[in-house]
Every structure is written in C-alpha cells, then in structure tokens.
Amino acid sequence: MKNYLTSLFAETAQKLSYLKEIQITFDRPKVETHGDVSSNAAMLLTKMLKKNPREIANEIIAGLNIDSTIISKVEIAGPGFINFFFQPVFLIEKIKNILDEQDAFGKSKKHAGKRANVEFVSANPTGPLTVGHGRNAVCGDTIANLLEWTGYEVDREYYFNNAGRQMRVLGDSVRLRYLELLGDVIEFPEDYYQGDYIKSIAESLKSEFGDSLRNESAEGKFKEKAEKEIFLDIEKTLQRLKINHKNFFNENSLYEEKKIESLLKTFADKNLSYEKEGAIWLKLSELGNQQDKVIVKSTGEPTYRLPDVAYHITKFERNYDLMVDLFGSDHNATYPDVMAALQALGYDSSKVKVLIHQFVTITQNGEIVKMSTRKANYVTLDELTDEVGADVVRYFFNMRNISTHMNFDLALAKKHSDENPVFYLQYAHARICSIIRTIENENLTASTDHLDLLIADEEQKLIRKLHQFEEEVLLAAEYFEPNRIATYLEELAASFHKFYTFCRILGTEKNLAEARIALALATKIVIKNGLSILGVSAPERM
RNA sequence: GCGCCCAUAGCUCAAUUGGAUAGAGCAACAGCCUUCUAAGCUGUAGGUUAGUGGUUCGAGUCCACUUGGGCGUACCA
C-alpha cells in the first residue's frame with residue numbers, strides 16, 4: 001500500500017514541485033476509522049507555504065491521479081492528515097503472494113550482496129552461561145536472522161579471550177580441586193571459581209591422568225581442560241536454543257599474528273599514543289573522548305582496549321559492510337574508546353553498530369539475586385531452558401526491547417509459564433493446522449478464486465495485518481529491534497483468533513469456505529515465518 | 001562527583017522513532033463450548049505516561065532541571 005502511494009506521490013510531484021522539498025512518509029493510523037494509510041505531508045508544508053494545512057491537503061489530493069478501483073476514499077482529517085482507504089480487492093492480492101512465496105514471504109533483497117558480522121555472547125570460558133548471557137545470545141541470534149531476512153549474508157561470531165588473569169585463576173581453581181580429590185588438604189581462596197563445574201572438571205582430569213598432574217602448573221593441563229570442557233558446555237547450551245556461531249575468534253590469535261604489535265606501531269607512527277609512567281597511553285582526549293586511557297600497562301601487558309581495536313580492524317579487513325556488536329550494559333563505557341580509535345585510524349566506524357542491552361534482574365521470592373560467575377550464585381541458562389523450554393526462553397528474551405531493564409521472577413516464571421504469550425502464537429498456528437486436517441475429510445480445499453467474498457470485519461482486519469509483515473521485518477532489522485516481530489505476531493494471532501471465532505469454515509457456502517481456508521493458510525505461513533525469525537518453533541498440534 | 005541507560009494500568013510490557021482517542025497480556029469481575037483445538041472469544045474495571053518547566057500545528061517520544069533505579073567511572077575483561 002505504501003509503495004503504491006509512494007509512486008503515486010512521486011508522479012504528482014512532477015506537478016506540485018513543493019512535494020519534492022519534503023520527506024514524505026506514510027503511516028498506518030492507530031485507529032481504523034482513519035484509513036489504511038495516512039500522510040502528514042500537508043502539515044510538514046505549512047511553514048514553507050505559509051498556508052493552512054487543510055488547504056494544502058486539498059491541493060495535493062486534487063493533484064493525485066487516483067484510481068478508484070484501488071483507492072476507495074481519500075479524506076482530510078484532523079489538523080491536515082490525508083487518509084487513504086484501499087479497496088478490499090486490492091488487499092486480497094497479498095493472500096496470493098503469501099501462498100506463492102511460502103517460507104520466503106517477508107524476505108527481501110534490500111541488502112542483497114552485502115555481508116554482515118554479528119558478534120554476540122562472547123563470554124569468556126570461565127563458567128556456564130547464565131540467564132544474563134541468555135538475553136545477549138537470543139537477541140544476537142535473532143538480529144542475525146533479521147539481517148538475513150533483509151538480504152545480508154551474515155556471519156555469527158563469538159570473540160573470546162583464553163589468556164590473562166581470570167583464566168589463570170580458573171586453571172588454579174581446577175588445580176586446587178584436583179589436589180583436593182587426591183586427598184590433599186587445600187585452602188580454596190574466596191575469589192576463586194566456586195562452582196561445582198570446577199569439581200567435575202577436576203574429576204575428569206583425575207580419572208584421565210590419575211595423580212600424575214600433582215606438579216602440573218595451573219596454566220598447563222588444568223587451564224586447558226577447563227577451557228575445553230566449558231566451551232563444549234557453552235556450545236551445547238547455545239545449541240539447545242538453536243544458536244550456532246560460525247566463527248570463534250580467539251583474542252590470542254591477534255598476538256600470534258603480530259596484529260597487536262603492528263597496531264602499537266601504527267598508533268605510535270600516527271602520533272596517537274605516548275609513554276607516561278612506564279605505560280603506553282592512547283590520546284583519546286584529543287579524539288573527543290573524556291580522557292586518555294592506558295593501552296599497555298607498565299608490566300608490558302596490554303589492556304583490553306588494544307586487542308579490541310585490533311579485533312575490529314580484522315573485521316574491516318574481512319570486508320564486512322555492517323558489523324554489529326551486542327554487549328551488556330557493563331560495557332557501555334568501553335566501546336566509545338574503540339570507536340574513536342578506529343575512526344582515528346581511518347576506518348569508517350559508522351559501519352560498526354554497537355548495541356547495548358540492559359541487564360536481566362533476577363528476583364527470587366521478591367529478593368534480587370546478584371549474579372557472579374565467581375561466586376557461583378547465578379542461575380544458568382541451561383537451568384532456565386530445562387525449566388521452561390527453549391521456545392519460551394527465546395520468546396521471553398525477544399519480546400522486550402533490549403534497552404529496557406528486564407525483571408524476571410524465577411518462581412513466577414516457572415509457575416505461570418502457560419501464560420507466556422508464545423503459547424498464544426503457537427496455538428494460533430496449531431489451530432490452523434487442525435483446520436487443514438479437518439477440511440481434508442470434508443472435500444474442501446484452499447482456493448483463491450473467490451477471495452473477494454472475504455468482506456467480514458474480522459477477515460478484513462486479518463488481511464490488513466498480513467499486509468504489515470514485510471514492513472515489520474524491514475523495520476525490525478533496520479532498528480535492530482527483534483521485539484517488533486514479537487509484538488506484531490501477537491497482534492496477528494489476536495486477529496486470527498477473532499477470525500476463527502466469528503468466521504466459521506464448516507457449514508459455510510463452499511466458495512466462501514474455500515476463500516477462508518486460503519486466508520487461514522496465508523496466516524499460518526506468516527506466523528510460521530515470524531516465529532522462525534524469532535527462533536521459536538511452530539507446532540502443528542498442542 | 002562525572003558518564004551512559006531506564007521510569008507508561010496493581011504486575012510484565014507495547015505505542016509505526018514527533019502524529020489523531022496511550023494499547024495488549026497477566027491478575028480482578030461478568031458472560032460464551034451438542035459443528036473446524038476454550039492454551040480461545042466477548043464485555044466491565046483499571047492512567048495527571050515519576051515531577052516541573054520549555055521547544056511546535058502536535059510531546060509518552062525532543063531539550064533543561066528535579067526525584068528514584070541500573071551499569072560504568074581501573075595500568076580488570
């Protein structure tokens with residue numbers, strides 16, 4: 001509908017040249033009595049033309065070449081909105097498109113030929129993924145799906161660091177638990193990793209090597225084994241949620257391939273860094289940021305900023321058109337440094353889109369549970385998936401805008417899992433599947449020959465909702481907002497449930513019944529496609 | 001102290017990125033199954049969009065200040 005109007009207005013702009021001066025946008029009014037599509041063009045022009053908006057609207061309408069077989073009515077409303085009402089005949093064409101395109105309906109070629117990198121999860125292998133990581137994992141994967149639906153070729157990437165202090169502590173935690181298993185009396189420091197998974201890693205080392213690791217260093221077999229096992233667990237956890245990364249990028253490779261070294265040299269050559277008190281500093285204050293930051297400590301060890309910049313440079317070198325980073329809000333202070341550095345080095349940092357999601361607050365019996373991998377007082381993503389299932393987990397994290405703080409009462413989530421809206425969507429899909437099973441025995445079939453019979457209020461609303469899907473996918477991808485799809489699907493399912501209640505198929509005249517089946521089938525396709533973007537299954541029976 | 005983010009119905013969240021009368025679900029109340037799945041549908045009730053001011057044809061949305069919360073503010077990642 002909007003595409004049609006856009007070309008209609010472009011044609012009119014040949015006559016009314018002032019239309020070229022403004023960015024004409026079309027909105028879908030909230031209230032249906034305001035039509036299918038509305039334009040605020042007249043109001044935007046009031047200042048420029050110094051005329052009453054309604055007067056301008058009249059002029060625009062007079063200039064439009066309106067085909068009354070497509071548009072049934074144009075009106076001026078309120079302060080100067082131009083509202084367009086479309087003919088039902090025009091709308092029903094969409095049902096045919098949906099039935100033709102099936103699984104591909106909603107996909108666009110908008111960004112065909114472009115490549116995107118989505119970096120998400122990126123948790124270091126120090127322990128199981130927590131519910132907090134779950135939000136990152138699910139949103140990242142869904143954003144990747146959305147980009148694919150708009151034509152991007154997407155690489156899902158996981159960046160990790162298996163060196164440094166936290167990994168030494170991890171290795172030593174395993175070493176101590178191992179010695180404990182051998183019967184030694186150990187003192188386990190409070191700031192070591194307390195979780196039971198450390199013990200089970202120690203156990204598997206013991207059964208593999210007996211007591212031969214008694215004099216092994218923390219950074220040897222212990223760290224190695226811990227990293228391997230934990231990574232296996234992380235991948236398994238993610239796979240349960242249908243998340244598969246293509247690339248696992250090890251920070252260490254940046255050192256091995258001398259990327260860090262050469263970046264340091266580049267900073268020095270470009271006069272972007274300096275030495276002070278034995279450390280190397282980056283001149284971030286000259287690049288518009290708050291203050292200079294250390295990139296190499298006086299001990300000679302780099303801080304995270306240096307490899308982060310080097311890492312992003314590899315993304316540029318890998319020729320991505322779009323690079324998405326998804327972080328928790330604890331990273332909100334770090335990325336401006338990386339961006340500024342990239343820009344100073346001549347990279348187009350606008351190709352990097354940093355998304356910050358707010359934390360998930362877990363409450364248990366009304367008390368906020370503070371989570372820390374060290375202290376092992378977290379709730380794991382696996383436990384959550386065990387409890388409510390993968391579909392509910394994915395839907396739950398996808399249904400809210402990432403910028404909002406999420407509150408999550410564990411007890412309540414377990415008890416009321418039936419009330420999760422995901423079931424409402426899946427139920428609509430299962431109902432349609434049930435209809436299909438039934439009509440097979442009734443000598444009925446889906447037909448698009450008499451779609452013009454679909455004039456009931458519930459039918460028309462459902463058809464209009466179906467029209468919206470392609471646009472919602474584009475918008476959700478453009479704004480990186482998976483929750484838009486969830487919201488849309490809830491509205492679509494609501495429209496369907498109403499249609500189902502009031503527009504019966506059995507016992508209705510054959511042509512109408514078969515048109516209704518076609519509408520139901522189209523709805524099934526759109527629900528399924530929407531759910532597949534969210535990574536949620538579409539069951540045939542419930 | 002400073003920086004980023006957040007505040008919408010009793011609860012959890014929407015609101016087409018500045019549009020017309022702020023909408024759903026849950027919880028509460030009243031109804032609807034002898035025909036396609038009642039995990040559904042219909043109705044009632046629930047709001048000074050945290051507060052104050054500003055910007056304009058028009059503000060939940062933008063700006064300023066205030067209040068309350070989250071995350072940072074390291075030669076940790």
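The values are calculated or read from the model by the stated rules, or taken from the named source; none is laboratory data. The shown structure was predicted, so the numbers you read here are calculated from the model rather than taken from an experiment. Backbone-built Cβ (ideal geometry, glycine too); neighbour counts: all protein chains shown. Accessible surface is based on the protein model in full, side chains and every heavy atom, while ligands, DNA and RNA are left aside. Shrake-Rupley method; radii C 1.70, N 1.55, O 1.52, S 1.80 Å.
Restricting attention to the range A:2-28, and to residues there that are assigned to a helix (DSSP H, G or I) and of a type in the set (Phe, Trp, Tyr), which single residue is modelled with the lowest pLDDT?
A:Tyr18
Might you let me know whether the range A:251-262 holds any residue that is in contact with a Ser or Thr (Cβ under 9 Å, 6 or more places away or on another chain) and in contact (Cβ under 8 Å) with a residue 60 or more places away in the chain?
yes
Please pick out the residue among A:Phe480, A:Phe499 that is at pLDDT 90 or above and open to solvent by 10 Å² or more (accessible area, probe 1.4 Å).
A:Phe480
Quick one: count up the residues across the range A:279-310 that are out of contact with any helix residue (DSSP H, G or I) (no Cβ under 8 Å at 6 or more places or on another chain) and of a type in the set (Gly, Ala, Ser).
Residues that pass the stated criteria total 4.
Consider A:Tyr159 against the criteria (1) hydroxyl-bearing (Ser, Thr, Tyr); (2) free of Cβ contacts under 8 Å to residues at least 12 places away in the same chain; (3) under 26 Å from A:Leu384 (Cα atoms): it satisfies all of them except one. Which criterion is unmet?
Here A:Tyr159 meets the rest and fails (2).
Out of (1) open to solvent by 40 Å² or more (accessible area, probe 1.4 Å); (2) within 13 Å of RNA strand B (Cβ to nearest atom), what's the single condition that is false for A:Leu287?
Tallying (1) open to solvent by 40 Å² or more (accessible area, probe 1.4 Å); (2) within 13 Å of RNA strand B (Cβ to nearest atom), A:Leu287 fails exactly one: (2).
What number of residues within the range A:148-170 are part of a helix (DSSP H, G or I), surrounded by fewer than 24 Cβ atoms within 10 Å (Cβ to Cβ) and within 15 Å of RNA strand B (Cβ to nearest atom)?
Matching residues across the range A:148-170 total 5.
Only residues that are over 21 Å from A:Lys73 (Cα atoms) and not polar (S, T, N, Q): list them for the range A:1-15, please.
Of everything in the range A:1-15, just one residue is over 21 Å from A:Lys73 (Cα atoms) and not polar (S, T, N, Q), namely A:Lys15.
Inspect all residues belonging to the range A:295-304 and state whether any of them is modelled with pLDDT under 90 and within 28 Å of the chain's Cα centre (by Cα).
Yes: one or more hits.
Quickly run through the range A:290-302 and pick out the residues that are surrounded by 11 or more Cβ atoms within 10 Å (Cβ to Cβ) and part of a loop (DSSP other than H, G, I, E, B).
A:Asp292, A:Lys297, A:Ser298, A:Glu301
Being farther than 30 Å from A:His450 by Cα and touching a helix residue (DSSP H, G or I) at 6+ places or on another chain (Cβ under 9 Å) is the filter; apply it to the range A:81-113 and report the residue that is surrounded by the most Cβ atoms within 10 Å (Cβ to Cβ).
A:Ile82
What number of residues in the range A:29-58 are part of a helix (DSSP H, G or I) and not hydrophobic (A, V, I, L, M, F, W, C)?
9
Kindly list the number of the only condition in (1) within 36 Å of the chain's Cα centre (by Cα); (2) closer than 20 Å to A:Thr6 by Cβ; (3) aliphatic (A, V, I, L, M) that fails for A:Val89.
Here A:Val89 meets the rest and fails (2).
Looking at (1) more than 18 Å from the chain's Cα centre (by Cα); (2) near RNA strand B (Cβ under 9 Å from one of its atoms); (3) not in a helix (DSSP H, G or I), which is the only condition A:Arg431 fails?
Unmet for A:Arg431, out of (1) more than 18 Å from the chain's Cα centre (by Cα); (2) near RNA strand B (Cβ under 9 Å from one of its atoms); (3) not in a helix (DSSP H, G or I): (3).
What's the total number of residues in the range A:329-363 that are buried (at least 17 other Cβ atoms within 10 Å of the Cβ), within 17 Å of the chain's Cα centre (by Cα) and within 13 Å of RNA strand B (Cβ to nearest atom)?
The total comes to 4.
Can you pull out every residue in the range A:21-64 that is among the aliphatic types (A, V, I, L, M), open to solvent by 30 Å² or more (accessible area, probe 1.4 Å) and more than 11 Å from RNA strand B (Cβ to nearest atom)?
A:Ile24, A:Leu49, A:Ile61, A:Ala62
Does A:Asn97 meet the test of being away from RNA strand B (no atom under 16 Å from the Cβ), closer than 25 Å to A:Tyr488 by Cα, assigned to a helix (DSSP H, G or I) and free of Cβ contacts under 8 Å to residues at least 12 places away in the same chain?
When the stated conditions are applied, A:Asn97 passes them.
Need pairs with beta-carbon distance below 7 Å; first residue free of Cβ contacts under 8 Å to residues at least 60 places away in the same chain and within the range A:458-473, second open to solvent by less than 10 Å² (accessible area, probe 1.4 Å) and of a type in the set (A, V, I, L, M, F, W, C); sequence gap 6+ or separate chains.
Cβ pairs passing all conditions: A:Glu458/A:Phe499; A:Glu458/A:Cys503; A:Lys465/A:Leu492; A:Glu472/A:Ile485.
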